[in-house]
Amino acid sequence: GAVVSQHPSWVICKSGTSVKIECRSLDFQATTMFWYRQFPKQSLMLMATSNEGSKATYEQGVEKDKFLINHASLTLSTLTVTSAHPEDSSFYICSARPSSETQYFGPGTRLLVL
Amino acid sequence: RKEVEQDPGPFNVPEGATVAFNCTYSNSASQSFFWYRQDCRKEPKLLMSVYSSGNEDGRFTAQLNRASQYISLLIRDSKLSDSATYLCAVSSGYSTLTFGKGTMLLVSP
């Protein structure tokens with residue numbers, strides 16, 4: 001099956017710092033990648049759709065200037081949480097879609113902002 | 001009404017039991033349906049796609065009822081390792097997935 005990796009798997013940072021999360025499709029090319037956020041006991045909430053070579057599409061309520069997305073290649077998308085605050089602490093998961101409609105998820109990144 | 005709704009559970013069942021989950025969706029234009037499994041503090045993993053004619057994969061059977069706008073997942077002969085949260089996901093064609101909050105299953109010895 002398709003493999004998606006994420007790095008780092010967890011990060012603890014001070015309030016006000018920026019955190020970059022990488023999402024890679026290891027054995028396929030993905031023109032589209034998705035970024036989700038999941039708070040405890042909540043569902044996955046789509047934050048944005050990342051398109052290779054173009055601007056990301058953000059869901060309503062997600063600040064594009066706070067969550068910077070770069071999809072520079074067919075195998076890599078990055079999410080940068082700028083000026084992170086404690087309320088940004090969450091489980092961030094990316095997914096990628098090969099030619100089929102099925103999405104494959106990365107292992108997720110746990111962010112804790114102190 | 002939420003786009004995708006699931007009973008959060010938890011469903012507590014003994015080993016060997018049969019358990020069924022339902023998931024309702026509000027968008028009648030939805031075309032693709034999936035069940036994902038998510039273990040605690042892990043990412044979701046695709047369990048199975050759901051086809052109009054229904055489909056089976058070992059102990060797991062998925063069904064789609066378009067008229068009533070729900071999908072179901074049946075697990076037979078439950079194993080301890082089936083304990084997890086089961087998420088249903090729906091999309092309208094080749095687009096984004098919308099997830100339910102998930103149904104927690106606890107299988108006990």
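The values are calculated or read from the model by the stated rules, or taken from the named source; none is laboratory data. The structure presented is a predicted model; accordingly, all values stated were derived computationally and were not measured. We place every Cβ from the backbone using ideal geometry, glycine too, and count neighbours over all the protein chains shown.
Exactly one residue out of A:57, A:32, A:80, A:75 is under 11 Å from the mean Cα position of the chain (by Cα) and of a type outside the set (D, E, K, R), and it is A:80. Taking each residue of region B:54-79 that is within 26 Å of residue B:108 (Cβ to Cβ) and looking for partners that are crowded, with 17+ Cβ neighbours inside 10 Å and among the acidic types (Asp, Glu) with beta-carbon atoms closer than 7 Å, six or more apart or interchain, yields B:75/B:82.
Comparison of B:91, B:32, B:28 shows that the only residue that is modelled with pLDDT under 95 and over 30 Å from residue A:9 (Cβ atoms) is B:28.
The listed residues are B:72, B:81, and the only one of them that is at negative phi, loosely packed, with under 12 Cβ neighbours inside 10 Å and away from chain A (no Cβ under 14 Å) turns out to be B:81. If you check B:90, B:50, B:107 for being among the β-branched types (Val, Ile, Thr), over 13 Å from the mean Cα position of the chain (by Cα) and crowded, with 19+ Cβ neighbours inside 10 Å, only one passes: B:107.
This table checks each residue for (1) closer than 30 Å to residue B:104 by Cβ; (2) at pLDDT below 90.
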site	(1), (2)
A:11	yes, no
A:30	no, yes
A:35	yes, no
A:51	no, yes
A:61	yes, no
A:65	no, no
A:80	no, no
A:92	yes, no
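Only a single criterion out of (1) modelled with pLDDT under 95; (2) farther than 19 Å from residue A:105 by Cβ is not satisfied by residue B:80, namely (1). Within region A:52-76, if we keep just the residues that are under 18 Å from residue A:93 (Cβ atoms) and part of a strand (DSSP E or B), the residue that is nearest to the other protein chains (Cβ to nearest Cβ) turns out to be A:57.
Summed over region B:89-108, residues that are facing another protein chain (nearest Cβ under 10 Å) and either hydrophobic (A, V, I, L, M, F, W, C) or in contact with a Leu (Cβ under 7 Å, 6 or more places away or on another chain) (or both) total 8.
It is to be established whether one or more residues within region B:98-108 are without any contact (Cβ under 8 Å) to a residue 60 or more places away in the chain and in a loop (DSSP other than H, G, I, E, B). No, because not a single residue in region B:98-108 is without any contact (Cβ under 8 Å) to a residue 60 or more places away in the chain and in a loop (DSSP other than H, G, I, E, B). The single condition among (1) more than 13 Å from residue B:96 (Cβ to Cβ); (2) surrounded by 19 or more Cβ atoms within 10 Å (Cβ to Cβ) that residue A:63 does not meet is (2).
A quick yes/no check of all residues on (1) surrounded by fewer than 12 Cβ atoms within 10 Å (Cβ to Cβ); (2) touching a Phe, Trp or Tyr at 6+ places or on another chain (Cβ under 8 Å):
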site: A:3; (1), (2): no, yes
site: A:10; (1), (2): yes, no
site: A:30; (1), (2): no, no
site: A:37; (1), (2): no, yes
site: A:49; (1), (2): no, yes
